[in-house]
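The values are calculated or read from the model by the stated rules, or taken from the named source; none is laboratory data. Computed from a predicted model, the values in this text were never measured in an experiment. Cβ atoms come from the backbone with ideal geometry, glycine included; neighbour counts cover every protein chain shown. In case anyone asks, the SASA skips ligands and DNA or RNA and just uses the protein heavy atoms, side chains included. Shrake-Rupley method; radii C 1.70, N 1.55, O 1.52, S 1.80 Å.
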Amino acid sequence: GGQVSIALSSHWIKPQAMTEQDIQECQKSLDFVLGWFAKPIFIDGDYPQSMKNNLSSLLPEFSDAEKKYMKGTADFFALSFGATLSFQLLDSQMKFHQLESLSLRQLLYWISREYNKPKIFIVENSWFVSGSTKRDDAKYIYYLKKFIMETLKAIRYDEVDVFGYTVWSLMDGFEWHRGYSIRRGLFYVDFQSHDKKFLPKSSALFYQKLIERNGFPPLPENQPIDGKFPCDFAWGIVDNYIQVDTTPTQFLDTNVYVWDVHHTKKLIKVDGVVTPKRKRHCVDFAAIRLQISLLQEMHVTHFHFSLKWSLILPLGNLSQINHTFLHYYQCFVSELLRVNITPVVALWQPMAEDQGLPVVLAKYGAWENPETVQAFVEYAKLCFKNLGHHVKFWITMNEPYVRNLTYTAGHNLLKAHAKAWHLYDKEFRRSQKGKISIALQADWVEPACPFSKNDQEVADRVLEFDIGWLAEPIFGNGDYPHVMREWLHQRNSIDLYNFHLPYFSEEEKKLIQGSFDFFALSHYTTILVDWEKEDALKYDHYLQVQMIKDITWLNSPSRAAVVPWGLRKMLKWVKSKYGDVPVYIIANGIDDDQNMVQDKLRVYYIQNYINEALKAYTLDNVNLRGYFVYSFNDRTAPKYGLYRYIANQYEPKPSMKHYREIIDDNGFPSSETPDRLCPEMLVLCPECNLFQTRKSLLAFISFIFFAFIVTVFFIIYYSRRVERRYK
């Protein structure tokens, strides 16, 4: 009552280019490796035609009787993939100048179509890890996950009849010509030990859980929810730097012109005749109106951008102030308020060019130089004084990139932030009634092996170095995380490195601690970390951490992983570390392929990341106050924009329209949820009021209206007198 077959190993191959020739070469490669045995058994008892054409007399021939006897001698198709014919093991001549691939799903589909949809049993499948890797074999886990997931997709979507799956192998062993340099087992074996015990690896625990669940059932915590955000929720968009165009309008030209209608058809300047100069007005900046109209089209309530310190103070101090640029920024934020969009303004953001600093400051040490701290405070005061009546939402430092920051630079940066915050608190808060904080990049860090305590320790360490470094002094105890100091002390004692993390005085701790009004974070992706060294190119020797990719995750063109649940975990981490602080997701976005008209990836990204933010708000009670998409347009942030920029024109992408729908719904309301009308927000500042910002225009209109009424009155009065006289 049993079944009998032959187990065949295969690879998968894809064409160098999608040409007929390369596709035929791929077919030939599979014929020579798999079809050599599979075609005689599963099709017609004879070798593939491509082999017969290429090998001629070298290939033996079957008699008709042998063909008949051979054909159909298998009850199922037994496949080995990745166990023996993995990368670097297949004879290069068998690739026929094409590209080897790890797509098990495509191979299963090809076998099903090539051999008349046989029942398939995967009898060997796996990958391998370095021979030095012990029990936390994260790389093995994610290859295993990929292969099993592709098998499931082949069954569900491609209608391939796969009825079994087998992992290779049970335990580590001697891997033929590779010896003990790699490991394939689910159980670890120490080959140097006497008893050679079998110890389960993380991959064994992962496979055990997968068998218990019989695949990848949808987890309740990953299912989308319905619900709305609070009425005063901030819906925003980000532009790193607005396009500052100070080209003067024609109305500022004091010259007088005559239009030569009959001959040249041009304006001819009248020499010696000029009109009085007038003061610049915001309407003179035509570029502002276009940007404002695009923001209005999006229905956002907030717009986040950064000032350019080097444009406002070219010399880094108050000796030279560029009043033209300052006036442009004043006009921009006032026009935002006029259309009920709240400006969120960052004073400094790192850039590739001079770190976003004036050239003089960048030349003399940048943030390494303590004098930059005082220069920043002076610059901040100038901005508060000139823009603060319109800006009620300030960011001191926007996304300082800690991976490129020295400890001394970070130390000075924290002091600069704290001094700017206290300056605003003491001199401007009462009159301007705004709020101010710092914005930190906060991508989630997940242990690569969910069963590994070592990986959890590594993930916690990376979070403290990436986020806690700048967050703990401000939102925590006024000093650097204990994990940082302990780790650096340990590294300095055993390595040749000398990483000095500066100390704050007690006065500086008091200055920095509590210098915030909210917690602003930018979040883009999630990374996996492992403590086992597997890939030297992605290993951080400084933190002793291995960066790992889950190859089943959705990725953007720049290879950024799309992991919505990472945002919710990040928000919960902030709450657990720093309490019920108001939180703003100040930037969240993904790149796309500029050649794609439909940016489906970004639509998916925005939908699911906002839904995870809603879970954090409704289920985890995170004090979430706002969400901002990155970015406004492709002109300032290529591939990230909600607007495409082509030939000096802005075109909305489908993702912009989708984001607008979410804003209009204030979340994800269900059909059963009653509509909740949000009251209109009261305008607190006089500058925000339309009547105040247009006093001169209203006065003029009022005068014209009054004059009209008086004129009509006198016309009626005198017309009646004339009528009486003639009567």
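Take the range 12-62 and flag every residue that is in a helix (DSSP H, G or I) and among the acidic types (Asp, Glu). Listed by number, the residues that qualify are Glu20, Asp22, Glu25, Asp31, Asp44. Residues of the range 283-321 that are open to solvent by less than 40 Å² (accessible area, probe 1.4 Å), of a type outside the set (Asp, Glu) and touching a helix residue (DSSP H, G or I) at 6+ places or on another chain (Cβ under 7 Å): Phe285, Ile288, Ile292, Met298, Val300, Phe303, Leu307, Trp309, Ile312, Leu313, Gly316. Figure legend. Inter-residue proximity from the range 538-567: first residues free of Cβ contacts under 8 Å to residues at least 60 places away in the same chain, second residues β-branched (Val, Ile, Thr) and assigned to a loop (DSSP other than H, G, I, E, B), beta-carbon distance below 7 Å, spacing 6+ or different chains. Indicated pairs: Trp553/Val563; Ser556/Ile590; Ala560/Thr525; Ala560/Ile590; Ala561/Thr525; Val562/Ile590. Give the residue, chosen from Glu100, Glu124, that is assigned to a strand (DSSP E or B), at pLDDT below 95 and open to solvent by less than 40 Å² (accessible area, probe 1.4 Å). Residue meeting the stated conditions: Glu100. The residue list Ile211, Ile225 contains one member that is exposed (fewer than 13 other Cβ atoms within 10 Å of the Cβ), at pLDDT 90 or above and not basic (Lys, Arg), which is Ile211. The residues of the range 475-493 that are assigned to a helix (DSSP H, G or I) and either buried (at least 22 other Cβ atoms within 10 Å of the Cβ) or at positive phi (or both) amount to a single one, Phe475. When Arg183 is tested against (1) closer than 30 Å to Cys282 by Cα; (2) buried (at least 16 other Cβ atoms within 10 Å of the Cβ); (3) without any contact (Cβ under 8 Å) to a residue 60 or more places away in the chain, only condition (1) is not met. Going residue by residue through the range 591-604, is there one that turns out to be buried (at least 24 other Cβ atoms within 10 Å of the Cβ), in a helix (DSSP H, G or I) and within 16 Å of the chain's Cα centre (by Cα)? For the range 591-604, residues buried (at least 24 other Cβ atoms within 10 Å of the Cβ), in a helix (DSSP H, G or I) and within 16 Å of the chain's Cα centre (by Cα): present. The number of residues in the range 341-362 that are out of contact with any helix residue (DSSP H, G or I) (no Cβ under 8 Å at 6 or more places or on another chain) and open to solvent by 10 Å² or more (accessible area, probe 1.4 Å) comes to 4. Per the listing Phe691, Phe708, the residue uniquely open to solvent by 100 Å² or more (accessible area, probe 1.4 Å), modelled with pLDDT of 80 or more and either touching a strand residue (DSSP E or B) at 6+ places or on another chain (Cβ under 8 Å) or part of a helix (DSSP H, G or I) (or both) is Phe708.
In the set (1) open to solvent by 30 Å² or more (accessible area, probe 1.4 Å); (2) under 23 Å from Phe121 (Cα atoms), the condition left unmet by Asn53 is number (2). Beta carbons closer than 8 Å, at least 6 apart along the sequence or on distinct chains, pair a first residue in the range 614-632 that is over 14 Å from Leu567 (Cα atoms) and open to solvent by less than 10 Å² (accessible area, probe 1.4 Å) with a second that is of a type in the set (Ser, Thr, Tyr) and assigned to a loop (DSSP other than H, G, I, E, B) for Ser631/Tyr640. Scanning the range 328-378 for residues that are in a loop (DSSP other than H, G, I, E, B) and in contact with a Phe, Trp or Tyr (Cβ under 9 Å, 6 or more places away or on another chain) gives Ile341, Gln349, Pro350, Met351, Leu357, Pro358.
Would you say Phe32 is touching a residue at least 24 places away in the same chain (Cβ under 8 Å) and closer than 24 Å to Arg156 by Cα? Here the answer is no, as Phe32 does not meet what is asked.
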